[in-house]
Amino acid sequence: MTKVGRKLCWVGVNASRLLLAATFVFSGMVKVVDPRGTQYKLEDYFLAFGWSGWMPGFLPLWLAVALAVFEFCLGVYLFFGIRRRMTTRLYLLFLGVMTPLTLYLALADPVSDCGCFGDAVTLTNWETFGKNVVLLLLSVVVFRSYRLMSRFVSERNQWTISLYSIVFALVLACYSLYTLPVFDFRPYHIGANLPEGMVVPEGEEEPVYQTTFVLEKDGVRKEFPLEDYPEDTAWHFVDSRTVTVSEGYVPPIHDFSIVTWPEGEDITEAVLADSGYTFLLVSPYLEMADDGDIDRVNELYDYCQAYGYSFYCLTASGDEMISRWQDFAGAEYPFALTDDITLKTMVRSNPGLVLLKGGTVYGKWGCHSFPKVEDLNVPLEESEWGTLRSDSRMMTTLRVVLWFLVPLFVFSLVDRLWIGGKMYKRKKHRDSITNLLNKRKMRKKIVAGNWKMNLNLQEGVALATELKNALAADQPNCEVVICTPFIHLASVAQVLEGSVIGLGAENCADKEKGAYTGEVSAAMVKSTGAQYVILGHSERRAYYGETAEILKEKVNLALANGLKVIFCIGEVLEEREADKQNEVVKAQLAGSLFDLTAEQFSNIVLAYEPVWAIGTGKTATAEQAEEMHAFIRATIAGKFGAEAAENVSILYGGSCKPTNAKEIFAKPDVDGGLIGGAALKCADFKGIIDAWKA
Ligand code: PGA
């Protein structure tokens, strides 16, 4: 797939994921804040399917809460990219079941509004089926390419958010059950004017219904439309059916009526037109009402009597139940009959309380939060209960979103600061070790021989030849260099041609060229075929008075002529005993090398040679060597930067032998050795070279 194709795929999968997530969070949230609404809808379905008989009474509510929490959490998980594989599978499974089910509901039409978005958005059954087909397609897309979904939360943090989402949804559902729905999407919300909700706007057609009666006479059944209802009383009623002939406009409130009990007088208009306060105690079924606060209701009725406010108990229960309630609850308030679905829609509590004034809903209370009469010791006009409470959906939405987001944010922050901090430190530590190992791998490992003033030409050529053969037979694991007296260079260069061994001089002049009898210039060294030159060796410093300034000249000339410099530094015994080794070494470095550019410095190899260890048989311990090498590297880092310090090879020199080389070379800042005495015997030198082998 091309790059553009991959990008498009990524966009497609993530767009599908966000659309699915938003739909599920929304549909889950509208159910979470109104579990009763979903419970009633499920009860409608169970009734239509004929399952109500055997279903335990608590089940619809439990299922409603479970469905609400499931949908909300699934939306959150998909949004954050939590357990992507499992989440997308659940989507596929859920929609794979719901889509055919909604097709059946659309065809059979047992319940007119599916209820998938609660009361917030009302869809017909066919619209719901269409919506589910789209969601099913999107869920196939995210399921097939779940790996392309970016995670908005680390894998480590996902459990916190998963659990928190479940707890949040459960707590909010319980809170909405205990009080009233946090969002009220129904036409009876606080601030709604009921008469206005009943108006059919001008120009809108009212729906037309056709009622047909099934009547029977002499064992014969026949259907009659309402207008042809037979006058012959021999026809007996069997059944009736009402169908919608044309849809028309149905106002939000279309089935609200109050008929007094037992008189049967319709007082709907009177109640709605009353400019005073009216309390409506709403109980769809008194037999199922929560009777925990019935005394408070009675006190409230007394209060209404005292101040002249109307009070009705609206129910859909029958005569017997109303009488029983009167006896049981000591209810003296008047009763009136209203359709049970209307009552369930008005307030999601049984019983619930609605306060009307001039047909407008001023307040609603669930059975656990009825107003206390102690708090109502003044007329309603003067109390906050009688004031129209603002019901800003914007503010409520913001509040609920913040309830969810603020703790989520705090969780993530704590997680990132605390656990993330730990992980970061661990990772940093791991990285630093890996870097060190990588850098060590990058740095050149070198074993260089310094023949000093030993071996005549023939002996030198013989030794070089022997070494060349030995290393040809057994390839070294490091770079090998031999530094010889000037007179050997050209001949040894010929011997070493085609071998892995590099060649270097032990010195060069501090002058470019000219009348300097006995001197050999850097250019001359280079012309022999040599690539290296040792400069600053302690013997040259001590016996030939080579100062830092002279060495600086030599270094510059060597580099200018394309030679690599093995620059020696190291303290004498007195300096070590006076604990001045660091100071001395730093001064040697600064005196001759600190004017170099980083580019020039990249051609320098350093050799730490404690003078007290050279040719004395007294070796520095591996720890002493490492300590000084680390100090040298830090000094270089300070001057030339960390990268130059990591890249420079630092060799150890001074009585290095096959027997101690391995231990010294094992130290992280030791990158090889500069070998004097032991470089004069092929076997010893090879033994040191082999120290780099495992
Ligand atoms: P050594 O010499 O190995 O004989 O101690 C080291 C050197 O001077 O380079």
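Quick look at the values:
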quantity: Between the stretch 154-233 and the stretch 637-693, the alpha-carbon center distance in angstrom; calculated: 88
quantity: Calculated P(r) of the stretch 1-130 - Cα pairs past 18 Å, %; calculated: 60
quantity: Candidate aspartates and glutamates for bridging to residue 31, where Cα separation is under 17 Å - those fewer than 8 sequence places away on the same chain excluded; calculated: 43, 44, 71, 113, 119, 184
quantity: Of 564/681; 552/693; 7/41; 41/222, those spanning more than 32 Å from alpha-carbon to alpha-carbon; calculated: 552/693; 7/41; 41/222
quantity: Hydrodynamic radius (Kirkwood) for the chain, which is based on Cα pairs only, to one decimal in Å; calculated: 34.5
quantity: Accessible area per residue, Å², the chain with all protein chains present, probe 1.4 Å; calculated: 50
quantity: Part-to-part distance (alpha-carbon centres) for the stretch 535-561 and the stretch 297-353, which is given in Å; calculated: 110
quantity: Taking the chain and dividing mean pair separation by its residue count, relative contact order in percent (alpha carbons under 8 Å, at least six apart); calculated: 9
quantity: Pairs from 586/639; 452/554; 131/344 whose Cα-Cα separation, in the structure shown, is over 21 Å; calculated: 131/344
quantity: Relative contact order of the stretch 195-257, defined on C-alpha pairs under 8 angstrom at six or more residues apart (%); calculated: 46
quantity: Antiparallel DSSP beta bridges within the chain, as percent of all bridges there, nearest 5; calculated: 45
quantity: Length-normalised contact order for the stretch 3-178 - Cα pairs under 8 Å, 6+ apart - percent; calculated: 35
quantity: Residues with amide H under 5 Å from that of residue 240, placed H, sequence gap 5 or more; calculated: 214
quantity: Theoretical gain in end-to-end length, residue 255 to residue 287 [0.36 nm per residue, Cα-Cα removed]; calculated: 9.3 nm
quantity: Under 5 Å, built H, 5+ apart or other chain: amide partners of residue 282; calculated: 314, 352, 353, 354
quantity: Calculated [θ] (222 nm, deg cm²/dmol) that DSSP helices of n ≥ 4 give over the chain, each run adding -39,500 (n - 2.57); calculated: -15500 deg cm²/dmol
quantity: Longest exposed-site-free window of the chain, the sites being GluC sites (Glu not before Pro) in a DSSP loop that have at most 15 other C-beta atoms within 10 Å; calculated: 520-694
quantity: DSSP-loop trypsin sites (Lys or Arg not before Pro) across the stretch 73-173, with at most 12 other Cβ within 10 angstrom; calculated: 151, 156
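The values are calculated or read from the model by the stated rules, or taken from the named source; none is laboratory data. Worth saying up front: this structure is predicted, and the values here are computed from it rather than measured. Methodologically, a virtual Cβ is constructed for each residue, glycine included, from the backbone with ideal geometry; neighbour enumeration extends over all protein chains shown. Areas reflect the complete protein model, heavy atoms only, side chains present, ligands, DNA and RNA absent. Shrake-Rupley method; radii C 1.70, N 1.55, O 1.52, S 1.80 Å.
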